[in-house]
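Heads up: the structure comes next, in structure tokens.
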Amino acid sequence: MKKILFTSYNLGIGGIEKALVNLLSEFDYNKYQIDLILQDKNVFYNIDKNINIKYYKVLKCGNIIVRKIINRLKIMLTCILNYHKYDTSICYATYDIPSSIITRYASKNNILWVHSDYLLLYKNDINKTKNFFNKLKINKFKHIVFVSNEAKNNFIKIYPNLKEKTIVINNLINYKEIEEKMVTKEKLFNKKNNLVYVGRLEEESKCLSRLFKTMKMIKENNKDIHLWLIGDGPDKNKYEQIIEEYDIKNYVTMLGKKNNPYPYIKQSDAIILVSNYEGFPVVYLEALTLNKNIITTIDVTSGSLHIKDYAQICKKDSEDIYNNIVSYFEKKLKVKKFNINEYNKENVKKIEDIIGGKND
């Protein structure tokens with residue numbers, strides 16, 4: 001039985017966290033022993049009972065010098081206790097430096113999972129992008145996994161010498177869970193035409209202010225279209241103020257966090273995403289599983305999956321988003337059928353290939 005370690009920050013609400021839970025649900029626990037090391041005990045998602053979760057909580061307050069010393073000692077101790085203990089170790093939270101350190105020491109077959117296009121995240125600033133990856137000691141990882149071709153290609157522009165270490169493996173989707181949870185007899189929407197956003201309420205990447213401006217245009221043009229927001233995040237209060245300022249409360253409803261967003265997606269007409277940048281959003285796969293249209297500013301590809309084949313791609317501009325939304329509801333475009341089962345098999349095979357190596 002192979003021993004696999006995943007490291008991450010926590011299992012709180014978020015795309016990376018949900019993608020990790022979906023991935024862990026696909027493992028055959030007769031073949032693999034899975035451990036998960038987390039910094040924080042914030043757990044929003046249910047996780048397979050076969051997974052052994054360990055925590056090493058870092059200090060976040062007190063004297064800065066004392067805090068740094070204690071936290072470094074905790075990380076060092078975790079590295080020592082797990083040194084070459086695993087056949088494969090995977091840092092799943094790209095941004096988390098302690099997770100990357102533990103991963104590098106836990107096995108020789110160590111993997112960094114990259115969930116975003118960091119060149120776009122840093123606004124095409126190559127120096128900032130390099131600084132981010134150099135802090136993670138990117139050269140010391142045996143494999144570097146990207147969730148989209150675009151993120152991989154931009155990385156290779158900066159690190160051409162690491163090209164052979166890179167591979168694209170998209171997020172997996174637990175379609176059985178979705179099919180079970182989507183069923184409800186309750187009518188969730190009291191409006192005719194419904195758009196649903198599922199994700200963090202956070203401006204830098206998600207840029208929901210752009211979407212609220214679009215909804216203001218929908219109101220001004222007397223379009224019978226309603227936006228429902230599922231999620232929470234640091235900019236919730238800011239967004240509530242914008243909704244108040246634009247006087248669009250009759251067009252926008254914030255539903256908060258939902259353990260089960262699938263009935264809302266199922267009963268909607270389409271999901272919408274207006275981000276500045278993404279890796280490969282999990283909500284795309286959830287929408288495809290439920291045979292829903294996608295209206296988005298993010299056009300990405302991963303393996304054989306080209307999202308433009310299943311979505312309306314908009315410019316990062318409120319007016320173009322408005323035109324696409326109106327066009328969608330006027331034409332009622334049909335969604336191309338997506339084989340989620342074959343898609344999962346393709347990506348599971350890639351994962352099994354890179355975790356096949358054992359320690360010497």
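Give me the net charge for the shell around Phe189: Cβ to Cβ below 15 angstrom, other residues only, Lys and Arg +1, Asp and Glu -1. Spell out each step's value before the answer.
Numbers: positive: Lys185, Lys187, Lys191, Lys192, Lys258, Lys266, Lys292; negative: Glu186, Asp224, Asp269.
Local net charge: +4.
Entry note: region 314-360 has Rg to Rh equal to 1.37, where both radii use alpha-carbon atoms and Rh is the Kirkwood radius. Here the gap between Tyr55 and Lys108, fully extended at 0.36 nm per residue and compared with their Cα-Cα distance, gives a gain of 16.9 nm.
Give the relative contact order (percent, whole number) for the chain; include only Cα pairs under 8 Å separated by 6+ residues.
Working: 660 pairs, mean separation 56.6, N = 360.
Taking the mean separation of contacting Cα pairs over the length of the chain, I get 16 percent.
Here Lys332 is the anchor, and the aspartates and glutamates within straight C-alpha reach of less than 17 Å, apart from those fewer than 8 places off in the same chain, are Asp224, Asp269, Asp309. The Rg/Rh ratio of the chain, with both radii computed over alpha carbons and Rh defined as the Kirkwood radius, is 0.98.
How high is the FRET efficiency between Asp299 and Asp125 when r is their beta carbon distance and R₀ equals 22 Å, given to the nearest 0.05?
Working: r = 22 Å, r/R0 = 1.00.
E(calc), rounded to 0.05, equals 0.50.
Hey, any idea what Rg/Rh is for region 264-360, computing Rh the Kirkwood way over Cα pairs?
Values: Rg = 16.0 Å, Rh = 14.9 Å.
With Rh from the inverse mean 1/r over Cα pairs, Rg/Rh is 1.08.
Of the listed pairs Lys258/Lys345; Lys130/Lys257; Lys192/Lys334; Lys292/Lys331; Lys135/Lys157, which have alpha-carbon separations greater than 23 Å here? All intermediate terms of the calculation are to be shown ahead of the outcome.
Working: Lys258/Lys345 28 Å; Lys130/Lys257 35 Å; Lys192/Lys334 17 Å; Lys292/Lys331 15 Å; Lys135/Lys157 18 Å.
Long pairs (Cα-Cα over 23 Å): Lys258/Lys345; Lys130/Lys257.
Annotation for region 193-265 versus region 269-302: alpha-carbon center distance of 16 Å. Hydrodynamic radius of region 203-321 by the Kirkwood approach over all distinct alpha-carbon pairs: 15.0 Å. For region 187-240, a Kirkwood hydrodynamic radius built from all Cα pairs, placed in the Stokes-Einstein relation at 37 °C and 0.692 mPa s, yields a translational diffusion coefficient of 272 µm²/s. The trypsin sites (Lys or Arg not before Pro) of region 57-110 that meet both conditions, a loop assignment by DSSP and at most 13 other Cβ atoms within 10 Å of the site Cβ, are Lys57, Lys60.
In region 1-90, how many lysine pairs have Cα atoms under 20 Å apart, counting only pairs 8 or more places apart or on different chains? For region 1-90, qualifying lysine pairs total 25.
Taking each residue as 0.36 nm, the span from Lys176 to Asp48 lengthens on full extension beyond its C-alpha to C-alpha distance by 44.7 nm.
Between Glu220 and Gln33, the distance separating the two model label sites (each 7 Å from Cα on the Cα→Cβ line) works out to 6.3 nm.
For Val183, the accessible surface of its heavy atoms amounts to roughly 110 Å² (probe 1.4 Å, protein chains only, rounded to the nearest 10). Give me the tail of P(r) for region 146-230 as a percent: Cα-Cα pairs with distance above 15 Å. I get 75 percent for the Cα pairs in region 146-230 exceeding 15 Å. Computed as a quarter of the hull surface, the mean projected area of the alpha carbon convex hull for region 219-282 stands at 5.6 nm². For region 111-161 versus region 17-88, the inter-centroid distance based on Cα atoms is 23 Å.
The values are calculated or read from the model by the stated rules, or taken from the named source; none is laboratory data. This structure is a prediction, so every number in the text was calculated from the model and none was measured. Every residue, glycine among them, receives a Cβ derived from its backbone with ideal geometry; neighbour counts consider all protein chains shown. These area figures cover heavy atoms from the full protein model, side chains too; ligands, DNA and RNA do not enter into them. Shrake-Rupley method; radii C 1.70, N 1.55, O 1.52, S 1.80 Å.
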